[in-house]
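Written below as structure tokens is the structure these notes are about.
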Amino acid sequence: MSQPTVRPIDVRPVAERLPASASLDVSALHHRIGEGMRALAQRVYTTFPLAPHEAARPFRSYASPDGAMEGRLEAFSGAPLDWVIDSFIANPRHGFCNHHLTLWLDESVSVPHLAFAVGTIPQLFFFCDLVPRSDLWVNTTELDRFHARFNERALAVAADPRFRPFVSREIYIRQAISPVGICIEGDATPEAIDFVLGLAGDTLGPWLDWVKSAEPTPRSERPALRERDERVRRTICWRDPANVVAERVLGKTMTDDLVRLLSGEARRKGTMQ
């Protein structure tokens, strides 16, 4: 009896995969992903009163010097959300797009943050996770109250033959994913895109309910929680290995300014170059 073919996990960084996508046009998929992510973002904007932040104005529409890479980055804030990033960067005529929606809460509530990323590299890439607010090794209350809600789903996606784990070469990124975080790749088809966007929507709904009904964080715990949140956000943004891709086409100065926006550091005057 023949054994099923096992597809090896591709551990190459994104920067090494992109040259193979040069002849692929994913413009239609880029548009489909964009529409889905906009729908997710709109659910957030209709639930919470958010205001756009002026720091992001220069990047609401931007492009590389040769015009090949384009992007949009919008940032919002408004309690109980501390920093919301709604963005994409793409060169769809050459197989690449990357859409993000990251929802960072402020210290008034202790619900996990929420992060989504959907793109093509040129394979479909999908990331969805509840970003912990504490050490889940010891804070099993947070683990059981929030993350356990998605445990069976995480197992089902892991067993789905349409997808494979996306494994980052950056050690910090690997350890930063929660036990129910989904970080996968697969064939970039309209059906697969609709499926992963459905996973995102099924995560956002309960998360919005948790935030709306959350008990206030005790005031004595808020300074430490805010400090931890800012440190986590800075570290994730600066250690993201995909920054190399942006730097190659946008240059170091623009890339660093984008990272400062993603991390929230750009809210402080004088941080943009």
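The values are calculated or read from the model by the stated rules, or taken from the named source; none is laboratory data. Quick caveat: nothing in here was measured; it's all calculated off a predicted structure. Cβ sites come from the backbone with ideal geometry, for glycine too, and all protein chains shown count toward neighbours. Quick note on the areas: whole protein, heavy atoms, side chains included, nothing else; ligands and nucleic acids left out. Shrake-Rupley method; radii C 1.70, N 1.55, O 1.52, S 1.80 Å.
At a glance:
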| quantity | calculated |
| --- | --- |
| Value of relative contact order over the chain, rounded to a whole percent, pairs C-alpha under 8 Å and six or more apart | 20 |
| Inter-probe distance in nm under a simple model that places probes 7 Å from Cα toward Cβ, at D25 and V167 | 3.6 |
| Rounded, prolate or oblate (a/c below 1.5 giving rounded, otherwise prolate when a/b exceeds b/c) for the range 187-264 by Cα gyration tensor | oblate |
| Column: log10 I(q)/I(0), Debye, Cα scatterers of the chain, q = 0.13, 0.14, 0.15 Å⁻¹ | -0.88, -1.03, -1.20 |
| Pairwise centroid distance, computed over Cα atoms, of the range 222-273 with the range 59-138, Å | 12 |
| Apportionment of accessible area to carbon and sulfur, the chain, percent (1.4 Å) | 55 |
| Share antiparallel - DSSP beta bridges, the chain, percent rounded to 5 | 100 |
| Helix runs (DSSP H) in the chain reaching 20 Å along axis by Cα, Kyte-Doolittle at least -0.5 | 27-47, 190-212 |
| Value in Å of the Kirkwood radius, where the range 73-176 supplies the Cα pairs that are averaged | 15.7 |
| Stretchable slack from A148 to R60, in nm (0.36 nm times residue separation minus alpha-carbon distance) | 28.0 nm |
